[in-house]
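Below is one structure; the comments refer to it alone.
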Amino acid sequence: MSLHDRTFLVTGAGSGIGRAVARRLFDEGARVALVGRRAGALHETAGGAEDGQALVHPADLARPAAATAAVQAALEHFGRLDGLVNNAGLARFGPLADADPVDLNAMLDVNLLAPVHLIRAALPALRASGGCVVNVSSVGGALAMPDRAVYGASKAALNSLTRSLARELAPLVRVNAVLPGPVDTPMYDDLGLAPEQVARLRDAMVESTPLGRFGTPDEVAPWVCRLLDPEAAGWVTGALIPVDGGRTS
Ligand SMILES: NC(=O)c1ccc[n+]([C@@H]2O[C@H](COP(=O)([O-])OP(=O)(O)OC[C@H]3O[C@@H](n4cnc5c(N)ncnc54)[C@H](OP(=O)(O)O)[C@@H]3O)[C@@H](O)[C@H]2O)c1
C-alpha cells in the first residue's frame, strides 16, 4: 500500500470500524487525526501508534463548527491532509411512531450533516493534495429498513452525497463509500433497544446474511484503506462498495 507518510482524518476513531481503520493506517506508516467524543477511547486507539503518528482531537460532530475545527486542528498539526474517513455514526432503532425526535435529528446530524461539513472544510486541503474521501455508509442505505427508517434514510443520503460529490469534485478529489453489513461493534450496545430486542435483531441479521455471521471491524478496515490508497484506487470514484457477507446480493 502507498499510505506511508500520508495524513488522514478518521472520525469515530475511538471504537469499532473507525479504530480498526486508524490502527491499520498506523501500521502502514500513515499519520492520523483521531476524532470522536470520548478522549479516553481516542487515546486508546492512539496507543498503537509511533511518536508523531497520531493526533487526538475530541469533538462532538453533531455541532457543525466542530467539523471545521477538527480539520483545522489536523492541518495545523500535520500540515496536510490526504484523506478523510467519515466513519462516525449513530444508530437508534425502533418504529418511527415511538422514536424520540432528538434521536432522529441526531442521526441526521452525525450520519449525514457531519460528513457534509467535514468534506466542505477539508476540500481546499484535499484539492491541494489530490486526496480523497471515504464515507462509511451501510447496507441500510441500499435496502428497505423497517424500524430503522431514519437510520436507513441517513445512509441512503450519504450514498447519494458520495455519488454526486464524486462527479462534482473530480478529477482532483475521489469520493467513495463502503457499505458494511452487520459488523460486531459497540454500536449494538447503544441502539436504544432492550437487550432481548438486540438479541432478536442480531439473530435476524445473521439469518439474512448469506455468509451466516457478523463481520469484524478488521474485515471492513482493509476496504476503507484500499479506497484511500491512490495506487490501489486512483481510478475509482463514486463507488458504493458493499462489505456485507452477501447481505445485499
Ligand atoms: N456495526 C455495524 O453493523 C454497522 C453496519 C453498517 C454500517 N455501520 C457504520 O459504521 C460506522 C462505525 O460504526 P461502528 O459499527 O464501528 O460502531 P461504534 O463502535 O459505535 O462507532 C461509532 C463511532 O461514532 C462516534 N460518534 C458517534 N456520535 C458522534 C458524535 N456526535 N461526534 C463524534 N463522534 C461520534 C463514536 O465515538 P464517541 O462515542 O466517542 O463519540 C464511535 O466511535 C457508523 O457510521 C455505522 O453507521 C456499522
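The values are calculated or read from the model by the stated rules, or taken from the named source; none is laboratory data. Everything numeric here is computed off the predicted structure, so don't read it as measured data. As a convention, Cβ positions derive from the backbone with ideal geometry for all residues, glycine included, and neighbour counts pool all protein chains shown.
Can you spot a residue in region 179-186 that is of a type outside the set (A, V, I, L, M, F, W, C), assigned to a helix (DSSP H, G or I) and modelled with pLDDT of 95 or more?
Here is the first cut: in region 179-186, the ones of a type outside the set (A, V, I, L, M, F, W, C) are 180-182, 184-186.
Remaining after also requiring assigned to a helix (DSSP H, G or I): 186.
From what's left, modelled with pLDDT of 95 or more: 186.
Yes, region 179-186 contains at least one residue that is of a type outside the set (A, V, I, L, M, F, W, C), assigned to a helix (DSSP H, G or I) and modelled with pLDDT of 95 or more.
Yes or no: T68 among the β-branched types (V, I, T), more than 9 Å from the ligand (Cβ to nearest atom) and out of contact with any helix residue (DSSP H, G or I) (no Cβ under 7 Å at 6 or more places or on another chain)? Even if it seems obvious, please write down each step before you answer.
Numbers: among the β-branched types (V, I, T): yes; more than 9 Å from the ligand (Cβ to nearest atom): yes; out of contact with any helix residue (DSSP H, G or I) (no Cβ under 7 Å at 6 or more places or on another chain): no.
Judged against the criteria, T68 is not a match.
How many of the residues making up region 71-88 are within 14 Å of the ligand (Cβ to nearest atom), within 19 Å of Q53 (Cα to Cα) and either small (G, A, S) or in a helix (DSSP H, G or I) (or both)?
2
Under 6 Å between Cβ atoms, which residue pairs at least 6 apart in sequence (or on different chains) link something in region 1-21 that is at positive phi with a partner that is of a type outside the set (D, E) and within 16 Å of the ligand (Cβ to nearest atom)?
G12/G18; G12/G36; G12/N87; G12/A88; G16/T185; G16/P186; G16/P217
Could you list all residues from region 91-125 that are assigned to a helix (DSSP H, G or I), away from the ligand (no atom under 16 Å from the Cβ) and out of contact with any Gly (no Cβ under 8 Å at 6 or more places or on another chain)? Step through it out loud before you land on a result.
Within region 91-125, the subset assigned to a helix (DSSP H, G or I) is 96-98, 101-125.
Now narrow it down to the ones that are away from the ligand (no atom under 16 Å from the Cβ): 96-98, 101, 120, 123-125.
Answer for region 91-125, where residues must be assigned to a helix (DSSP H, G or I), away from the ligand (no atom under 16 Å from the Cβ) and out of contact with any Gly (no Cβ under 8 Å at 6 or more places or on another chain): L96, A97, D98, P101, R120, L123, P124.
Answer yes if at least one residue in region 47-58 is near the ligand (Cβ under 8 Å from one of its atoms), in contact with a His (Cβ under 8 Å, 6 or more places away or on another chain) and part of a strand (DSSP E or B), and no otherwise.
The answer is no; no qualifying residue exists.
Which of the following residues is closer than 24 Å to E219 by Cβ and over 17 Å from the mean Cα position of the chain (by Cα): A49, A20? Talk me through it step by step, then tell me what you get.
On the way: A20 fails: over 17 Å from the mean Cα position of the chain (by Cα).
Going through A49, A20 in turn, just one is closer than 24 Å to E219 by Cβ and over 17 Å from the mean Cα position of the chain (by Cα): A49.
At pLDDT 95 or above, within 13 Å of the ligand (Cβ to nearest atom) and part of a loop (DSSP other than H, G, I, E, B): which single residue out of L9, L61, L3 fits that description?
On the way: L9 fails: part of a loop (DSSP other than H, G, I, E, B); L3 fails: within 13 Å of the ligand (Cβ to nearest atom).
That would be L61, the only listed residue that is at pLDDT 95 or above, within 13 Å of the ligand (Cβ to nearest atom) and part of a loop (DSSP other than H, G, I, E, B).
If we keep just the residues of region 126-143 that are part of a loop (DSSP other than H, G, I, E, B) and touching a strand residue (DSSP E or B) at 6+ places or on another chain (Cβ under 7 Å), which is nearest to R167 (Cα to Cα)?
The initial filter retains those residues of region 126-143 that are part of a loop (DSSP other than H, G, I, E, B), namely 130-131, 137-138, 142-143.
Pick out the ones that are also touching a strand residue (DSSP E or B) at 6+ places or on another chain (Cβ under 7 Å) and you get 131, 137-138, 142.
Working: G131: 14, S137: 18, S138: 21, A142: 20 Å.
Step by step, filter region 126-143, then rank; the result is G131.
Could you go through region 233-241 and let me know if any residue there is assigned to a helix (DSSP H, G or I) and more than 16 Å from the ligand (Cβ to nearest atom). Give the derivation first.
Step one: list which residues in region 233-241 are assigned to a helix (DSSP H, G or I), which gives 233.
If we keep only those that are more than 16 Å from the ligand (Cβ to nearest atom) as well, we get 233.
Scanning region 233-241, I find at least one residue that is assigned to a helix (DSSP H, G or I) and more than 16 Å from the ligand (Cβ to nearest atom), so the answer is yes.
For region 16-43, how many residues meet the condition of being surrounded by fewer than 16 Cβ atoms within 10 Å (Cβ to Cβ) and part of a helix (DSSP H, G or I)?
Selection size over region 16-43: 4.
Taking A41 and the conditions (1) more than 10 Å from the ligand (Cβ to nearest atom); (2) farther than 19 Å from V134 by Cα; (3) in contact with a Ser or Thr (Cβ under 8 Å, 6 or more places away or on another chain), which numbered condition does it fall short on, given that it satisfies the others?
Every listed condition holds for A41 apart from (1).
Of all residues being closer than 18 Å to F8 by Cβ and of a type in the set (G, A, S) in region 217-249, which is surrounded by the most Cβ atoms within 10 Å (Cβ to Cβ)? Just the residue, please.
Residue satisfying both the conditions and the ranking: A221.
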